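Participant: So that we are looking at the same thing, I have put the structure below in structure tokens.
The values are calculated or read from the model by the stated rules, or taken from the named source; none is laboratory data. Please read these numbers as outputs of a predicted model, since none were measured by experiment. Neighbour counts are summed over all protein chains in view; Cβ atoms, including those assigned to glycine, are modelled from backbone coordinates with ideal geometry. Surface accessibility is based on the protein's heavy atoms, side chains included, excluding ligands, DNA and RNA. Shrake-Rupley method; radii C 1.70, N 1.55, O 1.52, S 1.80 Å.
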Amino acid sequence: MAQTRFLFATPFLIDRLQSPESIAALRESIIARRAHDPDGVQISNIGGWHSDTRMIEWGGEAARALAFKAFTMAEEGAVNIARDQGRDYGWVPEMWANVSEKGHANQYHTHPGSLWSAVAYIDDGYDGSDDPALGGELQLLDPRMPMVRMGSLDLRFKDTDGRVQNNEPMIRPQTGLIVMFPSWLQHSVRGFYGPGTRISVAINLVPALKPPTTAKR
């Protein structure tokens, strides 16, 4: 039997926010910002409210703690192959909030200019329901797009578990869930029909070269 190797894996990190107090503080600051700037901006969102990208400034200590959480995840998901040559990197965050209500969605898009992108769910908007008809899933698009289009309609490649590869996997949001993926990965949010209000925070992380340290004489 032929040996199968799986190449070019795409990292996708999943973790949880551990502080209910921080989640509540983030929710409060987002609601206040929406009241201050009800128009927001229009980017990938279809309906809903998208804040400016300066949440790291107006989101308070809870936003800064969330950014630090993203820094930690980014460090876990990458390797600096030039550290022994004296090059080290920090992260410059860009952060914004999204608020969605019934019928709102986000079209497929990427986040050019950054390395990692993350989404933290402050309120999933499902109000405890597990009904799949409520939608609102984060949907990811297989980055090997030519392969997807060129494949036979009836034949699919096997995945690592032996099952058929899923070229558009979906993640169902949960309050307190945070996910991270490469910024070049196309993603969207399916139409949301939950009974509550979906509140999430998106983060882009741009690597920045730290100045070299000088040895003390």
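Participant: Can you tell me which of (1) out of contact with any Phe, Trp or Tyr (no Cβ under 9 Å at 6 or more places or on another chain); (2) farther than 25 Å from Arg5 by Cβ; (3) open to solvent by 40 Å² or more (accessible area, probe 1.4 Å) is the one Pro207 doesn't meet?
Facilitator: Going through (1) out of contact with any Phe, Trp or Tyr (no Cβ under 9 Å at 6 or more places or on another chain); (2) farther than 25 Å from Arg5 by Cβ; (3) open to solvent by 40 Å² or more (accessible area, probe 1.4 Å) one by one, Pro207 breaks only (1).
Participant: Could you please tell me which pairs satisfy a Cβ distance under 8 Å, a separation of 6+ or placement on different chains, a first residue in the stretch 97-114 that is on the phi > 0 side of the Ramachandran plot, and a second residue that is open to solvent by less than 40 Å² (accessible area, probe 1.4 Å) and among the aromatic types (Phe, Trp, Tyr)?
Facilitator: Between residues of the stretch 97-114 that are on the phi > 0 side of the Ramachandran plot and residues that are open to solvent by less than 40 Å² (accessible area, probe 1.4 Å) and among the aromatic types (Phe, Trp, Tyr), the close pairs are Gly103/Phe192.
Participant: May I ask you to list the residues in the stretch 44-71 that are closer than 16 Å to Arg16 by Cβ, of a type in the set (A, V, I, L, M) and open to solvent by 20 Å² or more (accessible area, probe 1.4 Å)?
Facilitator: In the first step, residues of the stretch 44-71 are kept if they are closer than 16 Å to Arg16 by Cβ; the result is 62, 65-66, 68-70.
After this cut, where a residue has to be of a type in the set (A, V, I, L, M) as well, the list is 62, 65-66, 70.
Residue satisfying the conditions is Ala65 alone.
Participant: When residues of the stretch 121-150 are filtered for being at pLDDT 95 or above, more than 21 Å from Pro38 (Cα to Cα) and either open to solvent by 20 Å² or more (accessible area, probe 1.4 Å) or in contact with a strand residue (DSSP E or B) (Cβ under 8 Å, 6 or more places away or on another chain) (or both), how many remain? Step through it out loud before you land on a result.
Facilitator: Quick first cut of the stretch 121-150, residues at pLDDT 95 or above only: 121-140.
In the following step, the residues that additionally are more than 21 Å from Pro38 (Cα to Cα) were identified as 126-140.
Subset that is either open to solvent by 20 Å² or more (accessible area, probe 1.4 Å) or in contact with a strand residue (DSSP E or B) (Cβ under 8 Å, 6 or more places away or on another chain) (or both): 127-140.
Total satisfying the criteria: 14.
Participant: Same structure again: Just checking, which of Ala97, Ala82, Ala105 is open to solvent by less than 40 Å² (accessible area, probe 1.4 Å), small (Gly, Ala, Ser) and touching a Gly at 6+ places or on another chain (Cβ under 6 Å)?
Facilitator: Details: Ala97 fails: touching a Gly at 6+ places or on another chain (Cβ under 6 Å); Ala82 fails: touching a Gly at 6+ places or on another chain (Cβ under 6 Å).
After ruling out the rest, the residue left standing is Ala105.
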